[in-house]
Amino acid sequence: MNKTCTKCGIEQDTKNFSKCITGKFGVRGDCKMCRKRYYHLTENKRQLRVKKYREINKVKQREFYLRHREHIREKQKEYHKHNFLQIRNQMLKLTYGITQADYDILFRQQNEVCAICYKSVKGYLSIDHDHKTGKIRGLLCKQCNHGLGMFKDDKLILINAANYSKKYEN
């Protein structure tokens with residue numbers, strides 16, 4: 001079945017229109033492409049309106065949050081519980097530029113153990129990366145990752161610490 005878009009005037013198949021109960025043939029008047037174009041044109045205006053609203057209503061929003069804090073936290077916990085993998089995948093992508101599948105490959109390559117102490121860990125290993133280049137070096141348990149962090153990834157300090165520890169071995 002065909003329908004003419006109210007914006008571009010092109011006659012198209014109804015599957016190129018978003019569903020709408022009140023629309024003729026059960027679809028919107030404007031096609032998906034025109035709707036997308038309109039959305040992108042008005043997005044900046046919408047963002048400015050939201051920003052202005054938030055600035056004006058900062059106190060109101062804070063009061064609302066304080067009144068409904070427990071309910072909001074419960075909803076957040078519930079959301080995180082139901083969307084854990086999606087949230088983790090987003091975090092990995094934003095922070096390290098990898099997906100959960102990439103993490104799993106790296107995990108299997110390391111025989112599912114920490115790259116330093118070779119211990120297996122319940123849950124996820126931390127992603128060790130070079131803070132200057134951002135390049136991923138491997139997966140570490142929390143203790144090894146924190147230890148490297150405390151030594152600020154300085155090889156000389158790590159060597160000195162190893163020598164110091166060796167010096168006082170029994």
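Any read-out appearing in this document is the output of simple, stated calculations on the displayed coordinates, not a laboratory observation. Keep in mind it's a predicted model, so treat the numbers as computed, not measured. Glycine gets a Cβ as well: all are built from the backbone with ideal geometry, and neighbour counts include every protein chain shown.
The amide H of residue 128, built 1.01 Å from its N in the peptide plane, has 137, 138, 139, 140 as neighbours under 5 Å, considering only residues 5 or more places off or on other chains.
In the distance distribution for the chain, Cα-Cα pairs more than 21 Å apart total 73 percent.
Relative to the 2.2 N^0.38 Å rule of thumb, the range 57-125 has a C-alpha radius of gyration ratio of 1.66. Think of the chain as a dipole: +1 on every Lys or Arg Cβ, -1 on every Asp or Glu Cβ, centred on the Cα centre; then among 79, 162, 99, 79 lies furthest on the positive end.
In straight-distance terms, cross-link reach from residue 60 covers every one of the lysines whose alpha-carbon lies under 22 Å from its own, apart from those fewer than eight places away in the same chain; here that gives 51, 52, 75. In this Cβ point-charge picture (+1 for Lys and Arg, -1 for Asp and Glu), the chain has a dipole of about 1060 debye about its Cα centre. Among the listed pairs 132/166; 7/32; 3/36; 3/24; 81/122; 132/152, those with a Cα-Cα distance over 20 Å are 132/166. Extension gain for the segment residue 60 to residue 154, taken as residue separation times 0.36 nm less the Cα-Cα distance, is 29.0 nm to one decimal. Rg and Dmax over the alpha-carbon atoms of the range 99-167 stand at 13.1, 43 Å. Quick one: if you stick a label point 7 Å off each Cα along the C-beta vector at residue 37 and residue 19, how many nm between them? That separation, rounded to one decimal, is 2.6 nm.
Can you compute the helix-only [θ] at 222 nm over the chain? Use -39500 (n - 2.57) per DSSP H run of at least 4 residues, normalise by all residues, nearest 500 deg cm²/dmol. About -17500 deg cm²/dmol. Rounded to the nearest 20, the size of the Cβ-charge dipole of the range 99-167 about its Cα centre is 320 debye, with Lys and Arg at +1 and Asp and Glu at -1.
A cut-off of 5 Å between modelled amide H atoms, ignoring neighbours fewer than 5 places along the same chain, links residue 27 with 20. In vacuo Debye scattering of the range 5-99, one point per C-alpha: log10 I(q)/I(0) at q = 0.13, 0.19, 0.22, 0.23 Å⁻¹? Evaluating at q = 0.13, 0.19, 0.22, 0.23 Å⁻¹ gives log10 I(q)/I(0) of -0.91, -0.96, -0.96, -0.99.
Karplus-based coupling profile of the range 78-85, in residue order and whole Hz: 4, 4, 5, 5, 7, 10, 4, 5, with θ = phi - 60° in 6.51 cos²θ - 1.76 cosθ + 1.60 and x standing for Gly or Pro.
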